[in-house]
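The values are calculated or read from the model by the stated rules, or taken from the named source; none is laboratory data. Being a predicted model, the structure only gives us computed values, none of them experimental. Every residue, glycine among them, receives a Cβ derived from its backbone with ideal geometry; neighbour counts consider all protein chains shown. SASA here: full protein model, heavy atoms, side chains in, ligands and nucleic acids out. Shrake-Rupley method; radii C 1.70, N 1.55, O 1.52, S 1.80 Å.
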Amino acid sequence: MIQQHPAPSAFIFDLDGVITDTAELHYVAWRALALDLGIVFDEADNEQLKGLSRMDSLERILALGTKQFSEVDKHAMAERKNAHYLALVEKMTPADLLPGALDALGAARAAGCGVALASASKNAALVLERLGISQAFDHVVDSNHIRNSKPHPEVFLAAAKALGAAPQDCVGIEDAVAGVQAIRAAGMFAVGVGDARVLAQADQVIADLRHFIPSNYLRGQHRLRWVNGA
Ligand code: BG6
Ligand code: MG
């Protein structure tokens, strides 16, 4: 029988693919760059970039072609892609929140838990602003604050630390395989958002945030677990 302690200390959300779907915007911007370079880059290739940092994404795209580029050239390419991406982000509005996202953030806070963002993006603060949800988080940790990209646990551990929460008392929510791996490596309970076959390493998988119920995450004797309290 589960010894029922209060809910976890904190919920730590990924941004892209969990709260909003920026994958399409990244795709448009990367595809334009790839086209200029004569590299064939399609939606399936774009899927592989989920959760990866900007430079790691660029390396994956360049590996689809045959040419070699200097570090200076690569940074210029990443800058160019980012300028295009930012122009697309400018057009985002609160209507671009994914289903259930606003309610999930509100419910996490209403449960008395810390709420943080752990994103691989350097543009996370801007995206939150466009979505009108900057105030929904106690802390925002993104790629500007860390050295190691997902699947390294650093971004989740930094978010937990900022909230003053022990990792084992945190629930991380992610749509990318690399992100789920980062949560597990941080010693947190991993909620995958998306396809259970793809996110098999998660402790639990939900289709989207409409299925996210903060009060269902309870502490057992040793670690957090999910209990269907419906
Ligand atoms: C992640 C996205 O959240 O952020 C990746 O899933 C993206 O697709 C990465 O490449 C870096 O984003 P940015 O905004 O710093 O280029
Ligand atoms: Mg993501």
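Things worth noting here:
- Residues of region 41-64 classified as at pLDDT 95 or above and surrounded by fewer than 11 Cβ atoms within 10 Å (Cβ to Cβ), total: 1
- Residue list for region 68-83, filter: away from ligand 1 (no atom under 15 Å from the Cβ) and assigned to a helix (DSSP H, G or I): 71, 72, 73
- Some residue of region 84-98 being out of contact with any Lys or Arg (no Cβ under 7 Å at 6 or more places or on another chain), away from ligand 1 (no atom under 16 Å from the Cβ), in contact (Cβ under 8 Å) with a residue 12 or more places away in the chain and in a helix (DSSP H, G or I): yes
- The condition (being away from ligand 2 (no atom under 15 Å from the Cβ), of a type outside the set (A, V, I, L, M, F, W, C) and open to solvent by less than 20 Å² (accessible area, probe 1.4 Å)) is satisfied by just one residue among 81, 91, 67: 81.
- Exactly one residue out of 141, 155, 180, 193 is within 17 Å of residue 101 (Cβ to Cβ), at pLDDT 95 or above and either open to solvent by 60 Å² or more (accessible area, probe 1.4 Å) or not acidic (Asp, Glu) (or both): that is 193.
- Only one entry in 134, 119 is among the small types (Gly, Ala, Ser) and under 21 Å from residue 81 (Cβ atoms), namely 119.
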